Amino acid sequence: MENKQIDEVRQGEIMVKEPKQKGGKKLFLESYGCQMNFSDSEIVASILINEGYSTTTDFKEADLIFVNTCAIRENAESRVRQRLQDYKKAKKANKNLLIGVLGCMAERIKHQFLEEEKLVDMVVGPDAYRDLPNLIAVAESGQQAINVILSKEETYADISPVRLDHNGVSAFVSIMRGCDNMCSFCVVPFTRGRERSREPETIVRECKEAFDNGYREVTLLGQNVNSYLWTGGGLKKENLTEEQRANATTFAQLLEMVAMIHPDLRVRYSTSHPKDMGDDVLIAMAKYENICKYVHLPVQSGSTALLEKMNRGYSREWYLDRIAAIRRILPDAAISSDIIVGFCGETDQEHQDTVSLMNEIKYEFAYMFAYSERPKTLAERKYADDVPNEIKSKRLSQIVDLQRKHSEIRTKEGVGKRHRVLIEGVSKKSDEMLSGRNSQNTVVVFPKGNHKKGEYVNVLATSCTSSTLIGEVVK
Ligand code: SAH
Ligand code: SF4
Ligand code: F3S
């Protein structure tokens, strides 16, 4: 069982807000999974709005329902299957309604989806969204439509996403797609295909456009951003000559290019991979005030033996060395992590290694998961999923409790200090308070005064809850 609160952060759902156009057919679009999926939904919305669709927040009035799905853990998939039941009822009421499954679960299950879920009309993988108008036409003619072809090139670089977020302050920008890492527990390489980087100029253009439209923060997205490399026109990383390598754009360089757009545009990124996290990225972060001092560096396990079985490509010592580099180059940075408990054959001692690593680092924040075996992965083929569910749950609650304590300690360290906060909107708890985040990604709330969303303010933190700083605006 996963911790609900934590899971919600990853598996949240968005719905498209206002209808963008009157008249045309109505689209209801719902997304599950990681930020990359949410970012893909913005591409999908863009493609369909171009086709004359308007969007709706009420699936009951939709002509077309798209569910952008996640396959990362079994419960991510069961949630989608449950949701499809609601849509099937809507389809019984409206025979012309079309239902499409997009994203990672579509890619994983492919044709079988159409057989298993009879009322689904379309199954579309993450690299096939340009084909949506076509697929919709096929579905409208009464046939089932499917495109789950993965591409080695597609980055949707030229499509301007329609921002579906709620605050108009932070935008997510995909800088690469796919993953070449083959961590043994992970389904992503199967659902998203080979790693490919997007042309830097198109990334900078998109970020600049967001800034010009009032956005004040961009988060650059990729499964392993440290391995970003633009070689200009399809050259393979492995076969580069020295000269070609010297001319390629690295992630550290891309970060600088985006940071230089404007000092008032904050830059964040996710996710770093410990094996590829070099000092160059940390040095670039130190150089620009507007690159946020926050590193999400998923460890997965504190045991070298288990990391090896997970095929992560680093040891506990290597990981701790990377943490030391962050502390050295960016002394005020916050660090967060992803952790899996109960991976194949995990012993009590190996679990304790994770606990001791957490105690040593004291992350500001962590996403924690019980291992969920995924079909076709290396782990599924090679190792038994032999840690009983009760033990997985026990280990998970143990580290969730521990992390709560660490988060509290870290939040308290912020009290008495001044924080530069980008205002994201009204606080959830009170209309009289505004809420935003500091560079380290901690939520800060303070009395409204005359301040507005999208502005920067300095806040002196005077108290805190377990994860939120409370304070007042100062000069
Ligand atoms: N590319 C990112 C992670 C993407 S998936 C990285 O390498 O860090 C997000 C997180 O889900 C992973 O970090 C991992 O902690 C978790 N996860 C992935 N597969 C899982 C599985 N089969 N069971 C449980 N958790 C899993
Ligand atoms: Fe999955 Fe590993 Fe790739 Fe992350 S780096 S997406 S965990 S295979
Ligand atoms: Fe899920 Fe696919 Fe993201 S499996 S976590 S939506 S890449």
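Quick look at the numbers
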{"item": "Segment 221-236, residues that are touching a Ser or Thr at 6+ places or on another chain (Cβ under 7 Å) and either farther than 25 Å from Cys183 by Cα or in a helix (DSSP H, G or I) (or both)", "result": "Val225, Asn226"}
{"item": "Any chance Arg268 is out of contact with any Phe, Trp or Tyr (no Cβ under 6 Å at 6 or more places or on another chain) and closer than 30 Å to Gly302 by Cα", "result": "yes"}
{"item": "Contacts under 9 angstrom Cβ, first residue in segment 415-434 being on the phi > 0 side of the Ramachandran plot, partner among the small types (Gly, Ala, Ser) and surrounded by 12 or more Cβ atoms within 10 Å (Cβ to Cβ), 6 or more apart", "result": "Gly416/Ala461; Gly425/Gly168; Gly425/Ser435; Gly425/Gly436"}
{"item": "Checking Glu373 against (1) within 16 Å of ligand 3 (Cβ to nearest atom); (2) assigned to a loop (DSSP other than H, G, I, E, B); (3) buried (at least 20 other Cβ atoms within 10 Å of the Cβ), the condition it does not meet", "result": "(3)"}
{"item": "Some residue of segment 231-248 being hydroxyl-bearing (Ser, Thr, Tyr) and in contact with a strand residue (DSSP E or B) (Cβ under 7 Å, 6 or more places away or on another chain)", "result": "no"}
{"item": "Residue among Arg194, Arg163 that is within 16 Å of ligand 3 (Cβ to nearest atom) and not aromatic (Phe, Trp, Tyr)", "result": "Arg194"}
{"item": "Residue match in segment 176-188 (condition: under 19 Å from the mean Cα position of the chain (by Cα) and of a type in the set (Lys, Arg))", "result": "yes"}
{"item": "Criterion: without any contact (Cβ under 8 Å) to a residue 40 or more places away in the chain and over 30 Å from Leu97 (Cα atoms) - qualifying residue of Arg196, Arg205", "result": "Arg205"}
{"item": "Identity of the residue in segment 66-94, under 26 Å from the mean Cα position of the chain (by Cα) and of a type in the set (Gly, Ala, Ser), that ends up farthest from ligand 3 (Cβ to nearest atom)", "result": "Ser78"}
{"item": "Matching residues in segment 51-76 - criterion: being at pLDDT 95 or above and in a helix (DSSP H, G or I)", "result": "Glu74, Asn75, Ala76"}
{"item": "Hey, Asn311 away from ligand 2 (no atom under 16 Å from the Cβ), within 22 Å of the chain's Cα centre (by Cα), surrounded by fewer than 22 Cβ atoms within 10 Å (Cβ to Cβ) and polar (S, T, N, Q) or not", "result": "no"}
{"item": "Test: residue in segment 384-391 that is assigned by TED's automatic domain parsing to the domain that holds Arg266, away from ligand 1 (no atom under 16 Å from the Cβ) and farther than 30 Å from Asp165 by Cα", "result": "yes"}
{"item": "Positions within segment 143-160 being under 20 Å from Ser270 (Cβ atoms) and away from ligand 3 (no atom under 16 Å from the Cβ), in sequence order", "result": "Ala157"}
{"item": "Segments classed as strands (runs of 3 or more DSSP E), wholly inside segment 403-475, with at least 1 members that are touching a helix residue (DSSP H, G or I) at 6+ places or on another chain (Cβ under 8 Å)", "result": "456-464, 468-474"}
{"item": "Pair list, Cβ < 6 Å and 6+ apart or interchain, from segment 290-316 residues that are not assigned by TED's automatic domain parsing to the domain that holds Met182 and β-branched (Val, Ile, Thr) to residues that are part of a strand (DSSP E or B) and within 16 Å of ligand 3 (Cβ to nearest atom)", "result": "none"}
{"item": "Criterion: assigned by TED's automatic domain parsing to the domain that holds His262 and either over 26 Å from Ile291 (Cβ atoms) or at pLDDT 95 or above (or both) - qualifying residue of Ser439, Ser372, Ser466", "result": "Ser372"}
{"item": "Qualifying position, being touching a residue at least 40 places away in the same chain (Cβ under 8 Å) and out of contact with any Leu (no Cβ under 7 Å at 6 or more places or on another chain), among Asp165, Asp127, Asp131", "result": "Asp165"}
{"item": "Residues being out of contact with any helix residue (DSSP H, G or I) (no Cβ under 7 Å at 6 or more places or on another chain) and surrounded by 15 or more Cβ atoms within 10 Å (Cβ to Cβ) - total across segment 76-85", "result": "4"}
{"item": "Residues (assigned to a loop (DSSP other than H, G, I, E, B) and under 18 Å from Leu229 (Cβ atoms)) located in segment 247-273", "result": "Ala248, Thr271, Ser272, His273"}
{"item": "Within segment 86-199, strands (runs of 3 or more DSSP E) holding 1 or more residues that are within 16 Å of ligand 1 (Cβ to nearest atom) and buried (at least 16 other Cβ atoms within 10 Å of the Cβ)", "result": "170-174"}
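Yes/no matrix, rows are residues, columns are (1) more than 22 Å from Arg130 (Cβ to Cβ); (2) free of Cβ contacts under 8 Å to residues at least 24 places away in the same chain; (3) in contact with a Cys (Cβ under 9 Å, 6 or more places away or on another chain); (4) of a type outside the set (A, V, I, L, M):
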position	(1), (2), (3), (4)
Thr55	no, no, no, yes
Ile72	yes, no, yes, no
Val80	yes, no, yes, no
Lys92	yes, yes, no, yes
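The values are calculated or read from the model by the stated rules, or taken from the named source; none is laboratory data. Only a predicted model underlies this, so the values are computations on that prediction, with no experimental measurement involved. Note that each Cβ is placed from the backbone with ideal geometry, even for glycine, and that neighbours are counted across all protein chains shown.
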